[in-house]
Structures are given as structure tokens and as C-alpha cells.
1. Within region 200-245, track down each residue that is open to solvent by less than 80 Å² (accessible area, probe 1.4 Å) and either part of a strand (DSSP E or B) or of a type in the set (S, T, N, Q) (or both).
2. Keeping to region 161-199, report how many residues are within 19 Å of Ala284 (Cα to Cα), touching a residue at least 40 places away in the same chain (Cβ under 8 Å), outside any strand (DSSP E or B) and small (Gly, Ala, Ser).
3. Restricting to region 64-98, name every residue that is at pLDDT 95 or above, of a type in the set (D, E, K, R) and open to solvent by 70 Å² or more (accessible area, probe 1.4 Å).
4. Within region 246-258, is there a residue that is closer than 24 Å to Glu385 by Cα and either hydrophobic (A, V, I, L, M, F, W, C) or surrounded by fewer than 21 Cβ atoms within 10 Å (Cβ to Cβ) (or both)?
5. Within the set of pairs 6 or more residues apart or between chains, which connect a residue that is more than 11 Å from Gly44 (Cβ to Cβ) inside region 64-83 to a residue that is at pLDDT below 90 and of a type in the set (A, V, I, L, M, F, W, C) with Cβ atoms less than 9 Å apart?
6. From the list Ala330, Ala365, Ala334, Ala319, exactly one residue is closer than 28 Å to Val272 by Cβ and open to solvent by 20 Å² or more (accessible area, probe 1.4 Å). Which is it?
7. Could you check how many residues of region 338-362 are crowded, with 18+ Cβ neighbours inside 10 Å, closer than 27 Å to Gln246 by Cβ and of a type outside the set (Ser, Thr, Tyr)?
8. Just to be sure I understand, how many residues within region 368-421 are in a loop (DSSP other than H, G, I, E, B), open to solvent by less than 30 Å² (accessible area, probe 1.4 Å) and within 21 Å of Asp33 (Cβ to Cβ)?
Amino acid sequence: MKREIANLLTEARDRTLLLISGLSDEDLHQQHDPLMSPIIWDVGHIAHFEELWLTRNLEGPIEFSEMPGLYNPFEHPRAARSSLPLPTLRQMMERLAEIRRRVLERLESLELDDRNPLLRGAYVYNMVLQHEYQHNETILQTLQLKKGSPYRAPRAITFTARAARGNEMVGCAGGRVTIGTDDRTAAYDNERPRHVRELSPFEIDRDPVTNARYLEFMHDDGYRREELWSPAGRRWLAQSAAISPQYWTREGDAWTTRTMDIVRPVDPARPVCHVCYYEAEAFAKWDGKRLPTEFEWEVAASWDPATGEARPFPWGAGADPKRANIDQLAFDTAPVGAIDANVSPIGCRGMIGDVWEWTSSDFNAYPGFQSFPYKEYSEEFFGSEYKVLRGGSWATRWGAIRNTFRNWDYPIRRQIFSGIRCARDG
């Protein structure tokens, strides 16, 4: 197990360094957007979170949860981080290596004692790995917003063109189903505990909403029809003056879109990306539907009516980049239906990867929730300010997604790799 942990830590760091390779010190230190940190801050935060949990809080009582000083996200909001005395890339590389050396030395002498909940099933190591994976996706959000020359993504996968799929729905009988997990080796505290819910019958889109379908909404004056927008959505629309998803540009009567260093006509077969909650909500109303609750989403992704059990992934067990467009290898969405194996037991396609999917649910605790190992990860964010997103995106690493994984963000956010899947009462 120690060898596997060391290998995973090495692989995670290799990916982080790959993502920032080719960036100048100026690129790394620049505030590319007020919503995002300078990339060098994210890298430093990754390193110091690892130091905190894998050297200082590893066995004894947890005395503090967020590292003090420069890399504490609560002390330093994103918009202010460019004014901090951040190190150069060379200094950061030395710091990364020094921390990792101590982490691996500590791992070598460590007894993985199941009596310690941090060490049981190597939980704390999985938590630190997922933290680095998640900041990889944050870095990619920043790189999509990058000022100056576009980020040249090190792509390893491309997809062949496909025709846009039709607008189909699948039914779910509802009833007594299980939500969440009791896993304590990798799952975050907000995914626990596993519990039973009673769901009414519902229908849900077989596929995520495509660009083709979203263009229909736009051509039908979707952004100008007030009856489609909630009061909060209308306020956002007035403030943002949005007329399309983020990164779309009108070229005469057509639209182009940009993903990192690629600009191309909007592909009708790919899922719409970079829409906020209010855009998703308005589209669903235009389509005669609604957004699913996060529980409906999870059941559609996981519940197997034949066995009466929930799967950890739509296809069964085990995270697998070959079964979904995840892990940053394409640096882009895939045409809907490009990966045949990514199908849930009831027939929903693409529920893992490509785009995070907005749900109508506020981010709240499950019944019996217990904060672990620190309340600042989940508990500080519970409430009506945030909406839950499910399913991951192309920018999500394989170890930071599963059917029970709950992401959350403000409903106005569009820089995230977010899309739509609609539902309606059955």
C-alpha cells in the first residue's frame, strides 16, 4: 500500500507540473481573472496542504485545519492573492521537492493504523490526492481565462465528428433508493452517510443538453424572454448582459467557441459548456422541463433496478478514464455518445465526465452528517448560497469523481466546465 500511495503522489504531481509546463513566471503570477487565483498560488496551496496533512496532522489530534499564512484561502480571497509575496517558479519547485521528500520519508516510517480514522484505508492520503486533482481543474479554469497568448494544451486524445443526437428521455420509477456512501477511504464527509430516500417517479434526459439544442433556445429568443427566467436569473441576466454561453462569439449568423488554444464553429453534437445555473434553469423551462434534484441525478447515474443497489459509477465499479471523457486528456468536451461504455443502468449516457451538470438542489448536509476531518471543507458552505453540480467534467481527474461526489458553486459561475441535463415529473 505504501508503494501504491507513493506512486499516486508522484503521478499527481507529474500531472500538475505538466499542466503548468511552458508557462512563464509572468503567466504563473498574473491575475488572469478576479475569480481565479494566480496559478503559482494554487501550486503553493497544493504543496502546503500536503505538508499540513501528511506531516503535521498525520497522527496526533488535528490542531488546525487550514495552513496559516500565505496559502490560507480564508485569509486571502482569490481577488487579493496576486498582491501576496508569492515565490518564483524556481523557488516553488524547490519547495515542492522539499515537502515531498519529507512526506515520503514520513510515509516510509508510518504504521497505517486502522484505529486512526485519518489513516484507516489511507484516507488522509486519498484526501490529499483528491485535493491536488481538484486544484488541477481549478488551474485549467484559470488557463481557459488566460490573458495574452492562449494556453497550448498538451492533448493526448481527440474525438471524431458525430451527428447531434435527438432529444430523448428515460424514465425512473423512483421509490425507496439509497443516496450517498459510507465509504471512509476516499469519499468526502458531505457524501456521507448513505441513507434511504423516497423519490417520486421522474424522467431525465438520456444525454446532456447539446449545443444544437441550446442553439434552438437561443434562436427562440431564450435570453430575452423574461418568463423563462427566475427573479434571480433576471437580475443576473441584466447585470451580465449575457446572450450566449461563456467563450462563445458570434461570427455573422454563426457562432464560434474557444477551448484553450482551439477556436472552432460551435459543434452541435457536443454538450453545451460554460453555462451558469440561471441559464440552465431558463433552458429547462423553455424545454418544458426542470433541472433534476441532486438525488434524482444520483439515482439516474447509479441505481440498478435489477439488483436494487447503487453503483459507484454508471458502468459499475472502478474509475476508468477509458469509460468517460475525464482526466484532462482531451482538454475538451467529446461529442455526445462518443464513449459507448458510459451508460447508467437505466440508460442515461455521459453522466460522468464532459461537463458538470447543474441540479436544483442547495448544498446541504445529509441526515446524520458529521464533519471530518475539518469543517472548512464542507460544513462552512452548507446553505442556500450554493447549488450542487454532479458528474465531473473533461477537466476532472479520474480520482476526484464518482456517482456520489458533490460539487457546489455559486449559481452565477460560468468559468467552471458546467452544462445541463433536464428532468420532469414522471
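The values are calculated or read from the model by the stated rules, or taken from the named source; none is laboratory data. No experiment lies behind these values; they were computed from the predicted model shown. So basically every Cβ, Gly included, is an ideal-geometry build from the backbone, and we count neighbours across all protein chains shown. Note: areas computed on protein heavy atoms with side chains; ligands, DNA, RNA excluded. Shrake-Rupley method; radii C 1.70, N 1.55, O 1.52, S 1.80 Å.
1. Listed by number, the residues that qualify are Phe202, Glu203, Ile204, Asp205, Thr210, Asn211, Ser230, Ser240, Ser244.
2. 1
3. Correct list: Arg90, Glu94, Arg95.
4. Yes; the residues of region 246-258 include at least one that is closer than 24 Å to Glu385 by Cα and either hydrophobic (A, V, I, L, M, F, W, C) or surrounded by fewer than 21 Cβ atoms within 10 Å (Cβ to Cβ) (or both).
5. Once the first residue is more than 11 Å from Gly44 (Cβ to Cβ) and sits in region 64-83, its partners that are at pLDDT below 90 and of a type in the set (A, V, I, L, M, F, W, C) give Glu66/Phe74.
6. Answer to the selection: Ala319.
7. Here the count works out to 14.
8. Adding up the residues that qualify gives 8.
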